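Working notes for the structure below.
The values are calculated or read from the model by the stated rules, or taken from the named source; none is laboratory data. None of these values were measured; they are calculated from a predicted model. Neighbour counts are summed over all protein chains in view; Cβ atoms, including those assigned to glycine, are modelled from backbone coordinates with ideal geometry.
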Amino acid sequence: MKRSGLAAVAAFALLCGLWTPIASGQAVFGSILGTATDPSGAAVANAKIRVTSQTRSTVTETTSNESGNYAVTHLIPDVYSVHFEAQGFKSIEFKDITVSADTGTDINGQFQVGSATEQVEVTSEAPQLKTDRADVAVEFNAKFIEDLPVLNRNFTNFELLTPGTQKLGWSHAATENPQGGGQIFVNGQHFSGTGFQLDGTDNQDPILGIIVINPNLDSVTEAKITAADFDAEFGKAIAGLVTVQTKSGSNDIHGSGFWYRRTDATEAKDPFTEWDAEPGVAASPVPSSKWQQFGGSVGGPIIKNKLFFFGDYQATRQASGVTNLITVPTATVLATCNPLTNTTGFCDLSDYLNPAAGYSTGGQVYAPGTGVPYAGNLIPIGDISPQAGNILAEFPQPNNAGSNAGTINNFLASGSGPYNQNAFDVRIDDSLKPTVQLFGRYSLDYFSLSGKGSLGALGGVGFGPGGLAGSSIIHNHSLAAGVTKTFSPTVLADFRFGYFKYNPHTHKPDEGSTPMTAFGIPNANLGDAFTSGLGEFDFNGNNGGTSDAFGDGLGIARCNCPLIESEQQFQFVTNWTKTHGNHTFKFGADVRYAENLRVPSDSNRTGDYDFKDATTSNTGAGGLALATFLLGQVTNLSRYVSTSTNAAERQHRMFYYG
C-alpha cells in the first residue's frame, strides 16, 4: 500500500507538470515564446515566425500551432529581431529583443488585416516573463559587469549583490585559491553548496567548494545568480547557483583594452605599523607596493553569418608591501637564555614579572610539576633546553617599543611577495546549418605567488598574499563544447561536453632544508621533501599568523605546504525538449567522471609544537608559555602523516531529470 501510494503521488505530480505553457529555458540558452493572434484576439495557426540574431544574422524559424502558440528555444544570449508573417495579414517585426540564458522572453504578435508585403514594426522593449519557473535570481548583462565597480575585477564579488548572501570572514589560503573565489553563504547555507557553471558546464572545485575559473570580466556576456528554486537540471547545487555565459563573436569586429595601476605613492601609511621619523624615534620601514592589471578582448567573424570567434586576456602583476607586527622574546631573554652564550648562570625572564607586562599573575614561572616558583623569574641556565637555546639564537632583536613593557608586538618586519596571473579564453561559434549550431570554449588561468617569512630563518607570518610564507604554482583549465540539433519542429536537443582541471602545487619557503635537525630536534626532518623545513611553533595554541607563533605551515604562514593536488572532471550533458500542442516535455542527463588526488599538509608534516602557560603555572596560577618553550616542555605535539602520496579517488556522478 505504501509503495502504491508513492507511485500515485508521483504520477499526479507528473501530470501536473504537463499542464504548463510552452517555454524552455536552458543552462546555456534562452528562449523566445508567445502567441500569434488576429485583430479580434483569436489564435492564428501556422503563422511563420523568424528569429534573427541582430549581431550575427543567424536565423531560426518556426510556426505557431493550432492555439497560436510558438516557442524558439536554444538561443544563445544575444539581441534578436522577431518577424511574424501570416496569409491575409500585415507582417510584424519586433526589434532589439534581449535574450538571456535560462530565461523565456515573451513576444506576442497581434496581426492587422492587410497585405503581407506591409509591415508593422514594434521597437518597444519586450518584457522578460518567467512563466515557466519560480526561481529567485539576479541577472547581470555585459554592461552591468563592465560598469559596476569591483575591487581587482573579481567576478565572484558580484554574488554579494544578491539578497540573502553573506561573505565568510575566513577564507582559503591564497596558495590554493589564488583566483580569489569568495567563501559566500547563500541564505545561510554553506558556501560549498553553491554551484558554479561556465557555459553550462561545471566550474566548481569538488574538494574546497570554490570556483575554478574566476572569469575575466571582459569574457562575460551575462551572469545569473540564483538564490532559490532553480530548475531541476541544476540539481547538484544545494545553496545558490552562479551561471556564466561567455561572449560570442559577431559579424563586426569588436575589441576592448584596459590597464589599471596602483602604487604606494598615493597610499596613506598604516598608523599602527608605519610612521615617519620624529625626534628620538626612527621612521618605520615602509615596504613598496605595486599592483597593475591589464588585458583586452577581440571578437568577430571568421565567415560572416556563420562562423565567429572571441578571445580575451588578463594579466595581474602584484607586489603588496606588508608590515607585520610580531612578538619576539625581549632583548634580555635573547642575551641570557641561550646556554651556549650565557655568562650569568641564569635565564632572565624578569621582564615578564613587570606589572606593566599585562599578565594577570605577573608572569611568574614555576618549575613544571612542582609548584615551586623560580625566584625573580631567574631560571638556572642548566634547566634551559639546548634545542630551545639553538632556536633562540635565530630570533632577531626587538626593533619596536611595542606594548606591555615591550613584551608584546615588539618587532616590525616589512617586505612584499610577488603575485602573477595570466588568464585567457578562446571561443568559437558555428552555425553549421539552420538545424545545427556548435560552440567551443577553452580557458586557462595561470598563477604563481610566493612570500618569505617575517622572521627569516624562523619563518613566521609571511609577506606574500594573505600572510603567505611559501610558494604556489597553479594551472586551472576549463573546456566546454556543445552542439544544438533541431530534429523536427517539435523536437530539439543539445549536447555538451565539459572538462576542468585544478592543480595547485605548493612548497615551504625552506623546502629541502633540515633546520629541525640542526636545532637538535630528532625525528622531525626525516630526509624527504615532505618532512623538510621548519615545524610550527605555537604559544598557547595561537596560530593563524598571531604574534607569538613562528615556523612554517598553514596555521602560521598560510601555506598548506607541501601540497600535491590534481583534480580533473569529465562531464557529459544532454537536454531534450519535445513540444506537443501547448505542452512541453523536457528531460535530460548530466554524467560526470572525476579523478581527484590531494596530498595535503593541513597540519605541518614536520610537527606542530604547542607551548602553554599552564605547564609552568602552579595549578593554573602564573605560568608563561615562553618559559615552557625554553624549558623544552612541549605541551602538545601533533604532525600530519600519510603513508601514501599517490592515493587518488575516482567518482562517477550521475544526475537525471524529467
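Assorted remarks:
For every residue, the table says whether it meets (1) surrounded by 17 or more Cβ atoms within 10 Å (Cβ to Cβ); (2) in contact with an Asp or Glu (Cβ under 8 Å, 6 or more places away or on another chain); (3) closer than 30 Å to Leu597 by Cβ; (4) in contact (Cβ under 8 Å) with a residue 24 or more places away in the chain.
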position	(1), (2), (3), (4)
Leu630	yes, no, no, yes
Arg639	yes, yes, yes, yes
Thr645	no, no, yes, yes
Phe655	no, yes, yes, yes
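- Matching residues, region 303-331, being more than 30 Å from Asn400 (Cα to Cα) and within 24 Å of the chain's Cα centre (by Cα): Gly311, Asp312, Tyr313, Gln314, Ala315, Thr316, Arg317
- Candidate set: region 77-98, residues that are touching a Phe, Trp or Tyr at 6+ places or on another chain (Cβ under 6 Å) and under 30 Å from Thr246 (Cβ atoms); chosen: the one modelled with the lowest pLDDT: Ile97
- Asn338 surrounded by 20 or more Cβ atoms within 10 Å (Cβ to Cβ), part of a loop (DSSP other than H, G, I, E, B) and without any contact (Cβ under 8 Å) to a residue 60 or more places away in the chain: yes
- Search result, residues across region 226-245 that are surrounded by fewer than 24 Cβ atoms within 10 Å (Cβ to Cβ) and of a type in the set (A, V, I, L, M, F, W, C): Ala227, Ala228, Phe230, Ala232, Phe234, Ala237, Ile238, Ala239
- Condition check for Phe611: closer than 30 Å to Gly553 by Cα, among the aromatic types (Phe, Trp, Tyr), at pLDDT 90 or above and in contact with a strand residue (DSSP E or B) (Cβ under 8 Å, 6 or more places away or on another chain): yes
- Pairs with Cβ under 6 Å, 6+ apart, first in region 214-240 and more than 29 Å from Phe424 (Cα to Cα), second among the acidic types (Asp, Glu) and part of a loop (DSSP other than H, G, I, E, B): Asp229/Asp135; Phe230/Asp135
- Residue, modelled with the highest pLDDT, within region 432-480, restricted to residues that are closer than 30 Å to Val59 by Cα and out of contact with any Asp or Glu (no Cβ under 9 Å at 6 or more places or on another chain): Leu479
- A single entry from Ala315, Ala331 fulfils the requirement of being in contact with a Phe, Trp or Tyr (Cβ under 6 Å, 6 or more places away or on another chain) and not charged (D, E, K, R): Ala315.
- Residue satisfying condition, being more than 38 Å from the chain's Cα centre (by Cα), free of Cβ contacts under 8 Å to residues at least 12 places away in the same chain, on the phi < 0 side of the Ramachandran plot and assigned to a loop (DSSP other than H, G, I, E, B), within set Thr370, Thr344: Thr370
- Which listed residue is under 22 Å from the mean Cα position of the chain (by Cα), over 30 Å from Ala45 (Cα atoms) and assigned to a strand (DSSP E or B), from Gln651, Gln571: Gln571
- Evaluation of Asn399 against the conditions (1) over 30 Å from Gly321 (Cβ atoms); (2) not in a strand (DSSP E or B) shows that the sole unmet condition is (1).
- Qualifying residue in region 421-440 (condition: of a type in the set (Ser, Thr, Tyr), under 30 Å from Phe495 (Cα atoms) and part of a loop (DSSP other than H, G, I, E, B)): yes
- The single residue among Gly533, Gly527, Gly512, Gly544 that is farther than 20 Å from Leu630 by Cα, part of a loop (DSSP other than H, G, I, E, B) and modelled with pLDDT under 90 turns out to be Gly544.
- Scanning region 165-193 for residues that are within 17 Å of Asn154 (Cβ to Cβ), hydroxyl-bearing (Ser, Thr, Tyr) and at pLDDT below 90 yields a single hit, Ser171.
- Taken over region 618-628, the criterion of being assigned to a loop (DSSP other than H, G, I, E, B) and touching a residue at least 24 places away in the same chain (Cβ under 8 Å) is satisfied by Thr619, Gly622, Gly623, Leu624.
Yes or no, residue by residue, for (1) touching an Asp or Glu at 6+ places or on another chain (Cβ under 6 Å); (2) β-branched (Val, Ile, Thr); (3) more than 23 Å from Val641 (Cα to Cα):
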site: Phe550; (1), (2), (3): no, no, no
site: Gly553; (1), (2), (3): yes, no, no
site: Thr577; (1), (2), (3): no, yes, yes
site: Gly581; (1), (2), (3): no, no, yes
site: Arg592; (1), (2), (3): no, no, yes
site: Asn596; (1), (2), (3): yes, no, no
site: Asp602; (1), (2), (3): no, no, no
site: Arg605; (1), (2), (3): no, no, no
site: Gly622; (1), (2), (3): no, no, yes
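- Of everything in region 275-294 that is at pLDDT 80 or above, among the polar types (S, T, N, Q) and not in a strand (DSSP E or B), the residue that is surrounded by the fewest Cβ atoms within 10 Å (Cβ to Cβ) is Ser288.
- Test result for Asp590, in the same structural domain as Lys485 (by TED's automatic domain parsing), crowded, with 22+ Cβ neighbours inside 10 Å, within 32 Å of the chain's Cα centre (by Cα) and over 30 Å from Ala493 (Cβ atoms): no
- Residues that are in a loop (DSSP other than H, G, I, E, B) and either surrounded by 14 or more Cβ atoms within 10 Å (Cβ to Cβ) or at pLDDT 75 or above (or both), drawn from region 118-155: Glu118, Ala126, Lys130, Asp132, Arg133, Asp135, Leu148, Pro149, Val150, Asn154
- For region 390-428, the set of residues classified as over 26 Å from Gly464 (Cα atoms) and at pLDDT 95 or above consists of Asn390, Asp425, Val426, Arg427, Ile428, listed by residue number.
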